[in-house]
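A quick write-up on the structure given underneath.
Read-outs: derived from the displayed coordinates by stated rules, not from any lab. In this text, all values refer to a predicted model and were calculated from it rather than measured experimentally.
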Amino acid sequence: MSSTFGRLFRVTTFGESHGAAVGVLVDGLPPGLAVDVEAIQQELDRRRPGQSAITTQRKEADQVEVLSGVYDGRSLGSPIAMLVRNSDMRSKDYDALKEVFRPGHADYATFAKYGVRDHRGGGRSSGRETVGRVAAGALAKAALATVGVRIMGGTVRVGSVEAHARDWTQVEMNAVRCPDANAAQLMQALIERARKLGHPPTLAATLYDAYRFLSRANAPDPKLLDELTKVAARQKLTLVSIAARSSAELEVAFGAIAKKPPLVHHSDAPSPYST
């Protein structure tokens, strides 16, 4: 079983839902880059459970501890270990599931593959595993920003409700993190209705990749741009490896090429039309 992904920037997540802690080891961040612990914490605060009625009600502070690889606010080039301690574990709530495999979960698949599983809160297959991914993503996001790359993301569909606007300033202004204010209200109402019925709707999130936000003035080297294009496939693989996810779409692949003239030239430096 591997919990590591990436080649030049390697990410290894660790920990279980009801274990002592969850976290991540990041290897490959170049030395001398600014590491803002507050920025990492801000990203973790965005995913912290219990923030609204439509998320899990588990209460966790999710305070990050940077254990290694950083000195005086800058990366050392050595592995960066980040830890988030668990506190609100109610393992007794899962006692009835110790010998039961829940439909739609990884319970049976985990046991069939490894012969052992942690039934408490889903164990390793819990969404709590994404704490490490978010912390690592905060480092990657900061590193990419130094070469003019900007990453945006949000919920674009919940069940039959689809977002048509892409106003990224709206993402932090609603509980479903949707870039369409009108659709956000409908999405939340749908989730609340589905929760009462016990049938959660399918949710789709989209990731806007770097190219749309590059300008000729701050564009990275064309070789880097070409490498970013190749990374798209690995991004999808990483996204679908998150528990309960079954597919992934990088919207730049569809939304940008539909523009006239196109906003994206994947193999070349950004055109004059790039924004």
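With θ taken as phi - 60° and the coefficients 6.51, -1.76 and 1.60, list the Karplus ³J(HN,Hα) couplings across region 28-36 in order, rounded to whole Hz; mark glycine and proline as x.
Those phi angles translate into x, 6, x, x, x, 7, 5, 10, 9 Hz.
Which far-off residues, 5 or more places away or on another chain, put their amide H under 5 Å from the one on Val156, with H placed in the peptide plane?
Ala204, Ala205, Thr206
Please tell me the relative contact order of region 1-146 in percent, rounded to the nearest whole number, where contacts are Cα pairs under 8 Å and at least six residues apart.
32 percent.
If contacts are Cα pairs under 8 angstrom and at least 6 residues apart, what is the relative contact order of region 63-183 in percent?
13
Quick one: grab Rg to one decimal and Dmax as a whole number for region 1-146, Cα atoms only, in Å.
Spelled out, the Cα radius of gyration and Dmax of region 1-146 are 16.5, 50 Å.
Taking θ = phi - 60°, what integer Hz values does the Karplus form 6.51 cos²θ - 1.76 cosθ + 1.60 yield along region 176-191, in sequence order, with x for Gly and Pro?
8, 6, 9, x, 10, 4, 5, 5, 4, 5, 5, 5, 5, 5, 5, 4
Compute the Kirkwood hydrodynamic radius of region 67-130, taking the inverse of the mean of 1/r over all pairs of distinct Cα atoms, and give it in Å to one decimal.
Mean inverse Cα-Cα distance, inverted, gives 14.4 Å.
Normalised radius of gyration for region 150-199, please: alpha carbon Rg relative to 2.2 N^0.38 Å, two decimal places.
1.13
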